[in-house]
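Okay, structure first, notes after.
The values are calculated or read from the model by the stated rules, or taken from the named source; none is laboratory data. Note that this is a predicted model, so its numbers are computed, not measured. Virtual Cβ from ideal backbone geometry, glycine too; neighbours counted across all protein chains shown.
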Amino acid sequence: MSVHIGYCLYQRIVASAIAGAPQEVCGLLLGTHDRGRAVISDMVASRNVAANPQASFEIEPALVLEVPRTNGRNGAHLIGFYHSHPNGSARPSASDLDNAWPNFFYLIVAVNHNTDSSIWHVPKTGTAQVSHGLIVEPPPIDSNFARAYDRADTESGISATGDRHHGQPI
Ligand SMILES: [Zn+2]
């Protein structure tokens, strides 16, 4: 299964993971999930209320109760959770697997491993994870970011093609 997320949203999660180190950061993932395609459309950052937030994470329980489980705004609802590994790899730890809610997505960002990430779910608590491909969607073509991106491409000597050049000084 592929799990899609917008570039800016993904970068917000990565930036919070970097800023929060050496503690693990965590939060909720909202989105939709339909016929083999999941889309993460929003995040809700949580305090990490674990006793030892440098080694594990625990989301504020009240936060989980506040978000819709089904059909919230734009159909988005709770589809998973993210957390960071300040030093470890993006692989889920034994306790990640033990504590995972079955059939919710878990996104892990490994800060000191080049912000490598993984996304997975467990079919049943404590079972091995099923990994998914995380597809980071590019920003909209006409945003300021896209123009900056084009300039960066030009400066690096990579020739971008097609419509992405519109609006660029000749
Ligand atoms: Zn973990």
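Among the residues of region 58-81, not a single one is of a type in the set (S, T, N, Q) and touching a Gly at 6+ places or on another chain (Cβ under 9 Å). Inspect region 49-63 for any residue being buried (at least 20 other Cβ atoms within 10 Å of the Cβ), within 16 Å of residue 10 (Cα to Cα), in contact with a Ser or Thr (Cβ under 9 Å, 6 or more places away or on another chain) and in the same structural domain as residue 24 (by TED's automatic domain parsing) and give the result as yes or no. Looking through region 49-63, none of the residues is buried (at least 20 other Cβ atoms within 10 Å of the Cβ), within 16 Å of residue 10 (Cα to Cα), in contact with a Ser or Thr (Cβ under 9 Å, 6 or more places away or on another chain) and in the same structural domain as residue 24 (by TED's automatic domain parsing). Each residue in region 78-95 was checked for being within 16 Å of the chain's Cα centre (by Cα) and surrounded by 14 or more Cβ atoms within 10 Å (Cβ to Cβ), and 12 of them qualify. Of all residues in region 63-99, those satisfying the criterion of being within 13 Å of the ligand (Cβ to nearest atom) and charged (D, E, K, R) are 91, 96, 98. Which count do you get for residues in region 100-118 that are within 13 Å of the ligand (Cβ to nearest atom) and crowded, with 17+ Cβ neighbours inside 10 Å? Within region 100-118, residues that are within 13 Å of the ligand (Cβ to nearest atom) and crowded, with 17+ Cβ neighbours inside 10 Å number 9.
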